[in-house]
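Below: one structure, written as structure tokens.
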């Protein structure tokens, strides 16, 4: 997934939060959640991210959404890279 696609899906998530729901946005928001959580789960397995049990999917998605909104110049990067760019500074494992 490209960063531009990920941003598009993130915008759908934001629309749903504001109460503006349509079928396409619902599907795109689910894709956003699935993609972000999939990247998080994979990187936790390999030790790139460390979260606690109180970190919700909503929080993870909010951090990624904010990062995407504030970094349009990076939308040409791979979506997975952008998810990590957003989350590693917050949830990097301590050595």
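The values are calculated or read from the model by the stated rules, or taken from the named source; none is laboratory data. These figures come from a predicted structure and were not determined experimentally. In this analysis, Cβ positions are derived from the backbone assuming ideal geometry, glycine residues included, and neighbour counts consider all displayed protein chains.
Scan the stretch 8-41 residue by residue and report those that are surrounded by 14 or more Cβ atoms within 10 Å (Cβ to Cβ) and within 20 Å of residue 90 (Cα to Cα).
Listed by number, the residues that qualify are 10, 32, 33, 35, 36, 37, 39, 40.
Kindly provide the set of residues from the stretch 42-70 that are in contact (Cβ under 8 Å) with a residue 12 or more places away in the chain, more than 20 Å from residue 15 (Cβ to Cβ) and surrounded by 11 or more Cβ atoms within 10 Å (Cβ to Cβ), ordered by number.
First pass over the stretch 42-70, keeping only residues in contact (Cβ under 8 Å) with a residue 12 or more places away in the chain: 43, 47-51, 55, 57, 60-61, 63-69.
From what is left, the residues that are more than 20 Å from residue 15 (Cβ to Cβ) are 43, 47-51, 55.
Within the stretch 42-70, 43, 48, 49, 50, 51, 55 qualify.
What residue, among those in the stretch 44-61 that are more than 13 Å from the chain's Cα centre (by Cα) and part of a helix (DSSP H, G or I), is modelled with the lowest pLDDT? Please lay out each step first, then the result.
Of all residues in the stretch 44-61, those more than 13 Å from the chain's Cα centre (by Cα) come to 44-55.
Still in the list and also part of a helix (DSSP H, G or I): 44-45.
Numbers: 44: 86, 45: 81.
Among those residues, the one meeting the criterion is 45.
Any residue at all in the stretch 85-95 that is surrounded by 13 or more Cβ atoms within 10 Å (Cβ to Cβ) and closer than 22 Å to residue 15 by Cβ?
Scanning the stretch 85-95 turns up at least one residue that is surrounded by 13 or more Cβ atoms within 10 Å (Cβ to Cβ) and closer than 22 Å to residue 15 by Cβ.
Would you please name the residue that is farthest from residue 65 (Cα to Cα), looking only at residues in the stretch 19-39 that are touching a helix residue (DSSP H, G or I) at 6+ places or on another chain (Cβ under 6 Å) and touching a residue at least 40 places away in the same chain (Cβ under 8 Å)?
Looking at residues that are touching a helix residue (DSSP H, G or I) at 6+ places or on another chain (Cβ under 6 Å) and touching a residue at least 40 places away in the same chain (Cβ under 8 Å), I get 39.
Identify, please: which residue in the stretch 69-95 is modelled with pLDDT under 95 and outside any helix (DSSP H, G or I) and is, among those, farthest from residue 2 (Cα to Cα)?
Here the answer is 95.
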